[in-house]
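The numbers here are math on the coordinates, done by the rules we state, and not lab data. The model shown is predicted, which means the values in this text are computed figures rather than measured ones. Cβ sites come from the backbone with ideal geometry, for glycine too, and all protein chains shown count toward neighbours.
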Amino acid sequence: MGASLKTWSTPVREEKSLGIPCAVCGGNKFSPALSCEGFFYVRCSNCGLVQMNPQPQIAEVEDRYRKSHGEDYLAYELANEIPFLRLQQLALKDVDFGPPDEKADRVLDIGCAAGALLEKLRDEGWKTCGVEICKPAAEYGRQKRGLDIRDLPLEENHFPDNSFDAVLASHLIEHLNKPSDFVREVRRVLRPGGRFYLTTPNIRGLQAKIFRGRWRSAIFDHLYLFSVKTLRALLEKNSFTVEKIITWGGLAAGSAPVPLKRLADKAAKRFGFGDVMMVRALRGE
Ligand SMILES: [Zn+2]
């Protein structure tokens, strides 16, 4: 089996890092989970959450995207925009997202990159808004696509309560130091009855099991690696009801002959051991 090609990441660098309790249950007992070059992940003995620990601090993590590597990130996003968009659209279809109607047409995409998905959603009749802290990417979406994209972290935009009918966040939550604070803020800006569509790598997937520390999602920028179970726990802790979870992606492209990859992709989707997952969660009253 060939090596797993890792997702783009900012380079590993020396940052001040601190040991933290489990971000889902607050537990303080861990066992080693994955060891990578220059950092490692532990597993919470109580709830099973896998997190980088010790962990770099918020200001330094934000600086990676806001200042140091913005142009690199935009180039990576633009180079991969079409396949990324296609995957996101397929997943959204699988969890019955949209179309908009008069009662529900306000969508927020957090971590929207250059706004490829938002542009499609606007074409479908959604009133769109995006958040993207990488300034060059946000600027690209505003200039080239005429989208409303804010380049501050979600909390700093101070959206009023109940601003949106749907909130999307794809490949974002694993980058955040405080995923629980993030989910709570999403809940606040969603209206009661609104839905949260969250996409993140699946550490219980086949590829994570095969590649372990070389898994493509075990990268310096990913502070958390969720499973269906731990993602559900995080959402339920913040008063969301999980309605649907799908996973997709069996074997990495190039790691197996095409017919075998197709078979693995089908099985991964059917049995829930795909490499990436999307959850649809309901914001209750
Ligand atoms: Zn825990």
Run down the aspartates and glutamates and flag those whose C-alpha is under 15 Å from the C-alpha of LYS120, throwing out any fewer than 8 positions away in its chain.
GLU81, ASP105, ASP109, ASP148
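To check you understand DSSP bridge types, tell me what percent of the beta bridges within the chain (both residues inside) are antiparallel, rounded to 5.
Working: 29 of 46 bridges.
Bridges in the chain that DSSP calls antiparallel: roughly 65 percent.
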Among PHE164, PHE220, what is the fewest-to-most ranking by other Cβ atoms within 10 Å?
PHE220, PHE164
Rg and Dmax [Cα atoms of the chain; Å; Rg one decimal, Dmax integer]:
18.1, 51
Need the list of lysines near LYS261 for cross-linking: C-alpha distance under 23 angstrom, and skip anything on the same chain fewer than eight residues off.
LYS6, LYS93, LYS209, LYS269
What is the local net charge at VAL258, summed over the other residues whose Cβ is closer than 14 Å to its Cβ (Lys, Arg +1; Asp, Glu -1)?
+2
Please report how far the C-alpha centroid of the range 254-285 lies from that of the range 1-62, rounded to the nearest whole angstrom.
23 Å
For LYS16, give me every one of the lysines with a C-alpha distance below 20 angstrom, ignoring sequence neighbours fewer than eight places off in its own chain.
LYS67, LYS178
Once both labels are modelled 7 Å past Cα along the beta-carbon direction, what's the ARG86-ARG270 spacing in nm?
2.3 nm
For the range 90-179 the translational diffusion coefficient, Stokes-Einstein from a Kirkwood Rh over Cα pairs at 25 °C and viscosity 0.890 mPa s, in µm²/s, is roughly 182 µm²/s
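How large is the helix-only mean residue ellipticity at 222 nm for the chain, computed as the sum of -39500 (n - 2.57) over DSSP H runs with n ≥ 4, divided by its residue count, in deg cm²/dmol to the nearest 500? Before the final figure, lay out the partial values.
Details: 8 runs with 91 residues, N = 285.
Calculated from helices alone, the mean residue ellipticity at 222 nm is -10000 deg cm²/dmol.
Over the range 135-285, what number does the Rg to Rh ratio reach, with both radii from the alpha-carbon atoms and Rh per Kirkwood? Could the numbers behind the result be given before it?
Values: Rg = 17.0 Å, Rh = 16.8 Å.
Radius of gyration relative to Kirkwood radius: 1.01.
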Disulfide-incompatible cysteines by the Cβ rule (no partner under 4.7 Å) in the chain
CYS36, CYS112, CYS129, CYS134
With Cβ to Cβ distances under 12 Å as the rule, what net charge do the other residues near LEU152 carry (K, R +1; D, E -1)?
-2
Long-range amide H partners of ASP109, meaning residues 5 or more apart or on another chain whose placed amide H is closer than 5 Å, are CYS129, GLY130, VAL131, LEU168
What is the magnitude of the charge dipole of the chain about its Cα centre, with +1 placed on the Cβ of each Lys and Arg, -1 on the Cβ of each Asp and Glu, and no other charges, expressed in debye to the nearest 20?
1100 debye
Where in the chain are the helices, taken as whole DSSP H runs, whose Cα atoms extend 20 angstrom or more along the long axis and whose Kyte-Doolittle mean reaches at least -0.5?
70-94
Can you give the net charge of the other residues whose Cβ lies under 15 Å from the Cβ of GLU71, counting K and R as +1 and D and E as -1?
-2
